1. Can you list residues whose amide H is under 5 Å from A:TRP68's amide H, if they're 5+ apart or on another chain and H is modeled 1.01 Å from N?
2. Compute a Gaussian network model of chain A, connecting alpha carbons closer than 10 Å, and tell me which residue from A:VAL132, A:VAL21, A:VAL221 fluctuates the most.
3. Quick one: net charge around A:ALA126, please, counting Lys, Arg +1 and Asp, Glu -1 for every other residue with C-beta under 11 Å from its C-beta.
4. Grab the other residues whose beta carbon is less than 15 angstrom from that of B:LEU150, score K and R as +1, D and E as -1, and report the net.
5. For chain A, what are the DSSP H helices with axial Cα length of 27 Å or more and mean Kyte-Doolittle hydropathy of at least 0.5?
6. In debye, nearest 20, what is the charge dipole magnitude of the range B:160-263 about its Cα centre with +1 on Lys and Arg Cβ and -1 on Asp and Glu Cβ, if you could check?
7. If I build a Gaussian network model for chain A, linking alpha-carbon pairs within less than 10 angstrom, which residue out of A:LEU295, A:LEU261, A:LEU124 has the largest mean-square fluctuation?
8. Report relative contact order for the range A:30-168 in percent, whole number only (criteria: Cα-Cα under 8 Å, sequence separation at least 6).
Amino acid sequence: MTPSTGSDGAFRRVARFVSPVDRGFAAIVYGGSFLFALLIVGLFVELVLGSWPSIVAFGPSFIWKSSWDPITSKFGALPMIYGTVVTSFIGIALAGFVGIMAAVFLADFAPRWLAAPLSFLIELLAAVPSVVYGLWGLFVLSPFVRTAIGPLLQKVLGWTPLFSGPIYGVGLLTAGIILALMIVPTVTAISRDVIAAIPRDLREASMALGSTKWEMATRVVLPAAKVGIFGACILALGRALGETIAVTMVIGNRPEISASLFAPSYTLASVIANEFTEATTSIYISALIELGLILFVVSVIVNALARLMIWSVRGST
Amino acid sequence: MSAPSGNLRRRRAFAWLGTMLALACAAIAAGALLVILGYVVVQGVGAVNWAFLTQLPHPVGIEGGGVGNGILGTIIIIGLATIMAVPLGLLTGIYLALFGRGPIPEALRFLSDVLSGVPSIAIGLFAYAVLVAPLKHFSAFSASFAFMMLMLPLLVRTSEQAIRSVPQTVREGALALGMSNYRATVHIVLPTARPAIITALLLAIARVTGETAPLLFTAFGSQFWEKNPNNPMAVLALQVFTYAISPYPNWQAQAWAGAFLLILAVLVLSLGARWMLRNAMRGLET
């Protein structure tokens with residue numbers, strides 16, 4: 001994505017900033033960086049300040065209370081946390097499998113003439129705007145889930161609570177599938193880089209011992225790249241957790257917890273998108289901002305974790 | 001050579017199956033893009049015409065109308081965001097490249113990475129808290145502020161790397177000729193790093209072009225030709241969202257047409273960025 005030539009040769013300070021011009025220049029550079037840092041810290045501080053009334057009113061039980069009732073001002077985030085976790089889990093389960101397999105194919109099996117255009121298409125998938133995914137999900141995928149995927153799953157697995165109940169088309173499963181499409185480029189691109197960074201010696205040793213190429217790829221290369229690939233999945237998970245518009249359009253927007261994956265639900269991000277401009281009381285707005293704060297904190301933890309894992313394999317930058 | 005034993009044959013069959021599975025997965029991922037693109041083009045291209053590009057939206061029930069104000073709003077909001085993000089991103093990138101050792105720069109890099117993973121809706125809440133709530137009205141400027149935050153991480157990290165990748169000797173040469181650090185950086189190092197930085201800028205613009213979530217409570221949308229950034233403003237992505245979830249077939253058709261425009265813009269920007277990067281790389285090699 002970005003050129004990384006000469007990353008080892010760190011830019012040394014070869015001359016000191018002593019002249020007035022240079023001092024001014026250094027001051028502006030420092031100032032700009034400080035402003036940048038201030039913005040990020042401000043983001044966190046503002047989210048905490050905005051959610052403070054809600055934090056005071058509901059305390060930690062906000063996280064495990066399941067009523068979301070603006071009329072009586074009773075707010076609990078559990079239904080949204082449930083919806084976020086379930087949709088992200090479906091997304092990462094599908095995208096993880098497809099993405100890792102695609103990465104294995106691109107890194108070790110595909111001839112050049114096929115690998116280049118396939119990677120290109122998969123990476124462009126990441127450029128498609130969220131709202132376009134939502135549009136497609138609403139008018140193409142969700143009718144397809146209602147009439148084809150849903151009934152099929154119900155026929156085979158309908159005896160489990162997961163696939164019982166009426167199929168609306170919009171709901172947890174549809175949102176999960178859309179998320180999978182949105183994050184599969186992340187999983188594929190990073191996993192492919194990580195796999196490609198595994199030394200040739202391992203591959204050659206494995207082949208020399210008589211393994212098939214498939215055995216080499218799955219039993220030698222994949223285990224060696226395990227940590228980095230796991231990091232890629234976590235990074236993708238972070239995207240899925242915070243994805244807003246596409247999910248809002250296909251999840252059905254209902255603050256309920258139901259076992260069925262066909263049921264409409266809500267996520268942390270989609271409830272903010274849907275209700276924020278209509279929220280009237282200040283405690284209602286504050287509760288919504290607290291959902292944003294939860295989202296922020298979770299995404300920071302998830303991203304920090306993912307980067308550590310990817311760095312440990314591929315090296316930083 | 002004897003014929004392969006049963007065990008080897010089984011392993012080879014298994015390898016063949018596995019390879020096909022991997023191929024299928026790659027094909028699914030790449031095919032998904034083609035399917036989505038195909039739908040957007042087929043459903044959307046028919047409704048795109050001059051009136052759609054240049055007219056105001058019509059009220060519900062009246063055929064026709066366009067997204068002209070949304071296109072204008074998108075350009076204004078992204079333009080303002082770019083004007084704010086580029087200097088800030090460059091300065092931070094220069095800082096990290098020139099003074100980039102020790103705990104403070106490391107912390108700044110970490111913060112930048114953190115910011116790149118923050119959901120856009122949370123950034124929208126931040127813009128709301130600092131620019132909408134105190135002024136008590138929605139504004140295009142608050143959307144630009146949110147977009148700036150979304151563009152910054154990519155700009156910061158890329159400009160740092162691009163500046164670092166300029167050979168140390170180039171800078172030393174400039175300083176040896178008696179240039180100040182300021183001149184050496186701004187007139188010698190930055191121009192060399194420019195292609196990579198412009199590539200990053202194009203990618204950052206592509207990213208925010210389709211961004212919708214933070215607009216809901218910043219730009220908010222408008223029915224008019226709004227040009228004042230202090231007022232609520234129409235944005236194409238927001239119009240696509242509103243039209244898509246509306247119950248009116250006429251609006252839904254316009255949502256597809258708007259999505260077509262969005263995808264076109266994003267693809268042109270992404271492909272332009274790739275092309276620039278390839279040219280820049282070629283320039284470095286020769």
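1. A:GLY76
2. Ranking A:VAL132, A:VAL21, A:VAL221 by mean-square fluctuation puts A:VAL21 first.
3. It works out to a net charge of +1.
4. Once positives and negatives cancel, what remains is 0.
5. A:20-58, A:78-104, A:172-196, A:222-242, A:282-314
6. Result for the range B:160-263 is approximately 260 debye, rounded to the nearest 20.
7. A:LEU124
8. 8 percent
Every number in this text was worked out from the coordinates using simple rules, so none of it is lab data. The shown structure was predicted, so the numbers you read here are calculated from the model rather than taken from an experiment. With ideal geometry, Cβ positions are generated from the backbone for all residues, glycine too; neighbour counts draw on all protein chains shown.
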